[in-house]
Amino acid sequence: MSEENSKDDAIESTAESLLETVSDAEVNSRISFEEFTDERALISRDAFGKKQMKIKVLEVSDENPVLKWKFGDRVKVTKILVTIKHLTTQEVEEAEFDIEEIEKELSEKRHYTSTNRWIPTGDIKNGYVVGDKHTRLISDAAALDYIVF
């Protein structure tokens, strides 16, 4: 029983550390090369190069990952904040999505779901998801036309 509690505590502390963002006080201080995250790695672009998207993780599930030995450390994302910037007009749109609810809605309406909400911990930088994992998180929202990207 104590092993399960220690595993749960480790998962909670990992989830909390992933959701932390860099505060203004830390921005002015020096950071090491390993801690540096290039902004371009966090942004994905549409096929025409007219929009940019950035996804911030707001909430993760405390569920234990299956096959940890095979897939490594992962967290199950439940809520995200999507920011889309239109490059032609410089207009910015933001919306919060509960991926779990969208997944349930899609499975009820269309009897399938394509979202993979398990994201490796290394692909979350300063609370933001790396650009190549964006499609995993927004596929159901795009299928229901909540996001047009």
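Within region 127-141, can one find any residue that is in a loop (DSSP other than H, G, I, E, B) and in contact with a helix residue (DSSP H, G or I) (Cβ under 9 Å, 6 or more places away or on another chain)? Give the steps one after another, and end with the answer.
Within region 127-141, the subset in a loop (DSSP other than H, G, I, E, B) is 127, 130.
Remaining after also requiring in contact with a helix residue (DSSP H, G or I) (Cβ under 9 Å, 6 or more places away or on another chain): 127, 130.
Looking through region 127-141, at least one residue is in a loop (DSSP other than H, G, I, E, B) and in contact with a helix residue (DSSP H, G or I) (Cβ under 9 Å, 6 or more places away or on another chain).
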- Task: Considering only region 73-109, state which residues are aliphatic (A, V, I, L, M) and surrounded by fewer than 13 Cβ atoms within 10 Å (Cβ to Cβ).
- Result: Val92, Ala95
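Per-residue answers, yes or no, for (1) at pLDDT below 90; (2) part of a loop (DSSP other than H, G, I, E, B); (3) of a type in the set (A, V, I, L, M, F, W, C):
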residue	(1), (2), (3)
Ser6	yes, no, no
Ile11	yes, no, yes
Ser17	yes, no, no
Glu96	no, no, no
Lys104	yes, no, no
- Message: Pairs needed: first member in region 39-66, over 17 Å from Leu137 (Cα atoms) and part of a helix (DSSP H, G or I); second member anywhere, of a type outside the set (D, E, K, R) and open to solvent by 40 Å² or more (accessible area, probe 1.4 Å); C-beta distance under 6 Å; at least 6 residues apart or different chains.
- Response: none
- Task: Considering each of Ile102, Ile124 in turn, give the residue that is within 14 Å of Lys54 (Cβ to Cβ), in contact with a helix residue (DSSP H, G or I) (Cβ under 8 Å, 6 or more places away or on another chain) and among the aliphatic types (A, V, I, L, M).
- Result: Ile124
- Message: Is it the case, given these coordinates, that Tyr146 is touching a helix residue (DSSP H, G or I) at 6+ places or on another chain (Cβ under 9 Å), open to solvent by 40 Å² or more (accessible area, probe 1.4 Å) and within 13 Å of Leu58 (Cα to Cα)?
- Response: no
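The values are calculated or read from the model by the stated rules, or taken from the named source; none is laboratory data. The shown structure was predicted, so the numbers you read here are calculated from the model rather than taken from an experiment. Virtual Cβ from ideal backbone geometry, glycine too; neighbours counted across all protein chains shown. Remember, those area values only see protein heavy atoms, side chains included, never the ligands or the DNA or RNA. Shrake-Rupley method; radii C 1.70, N 1.55, O 1.52, S 1.80 Å.
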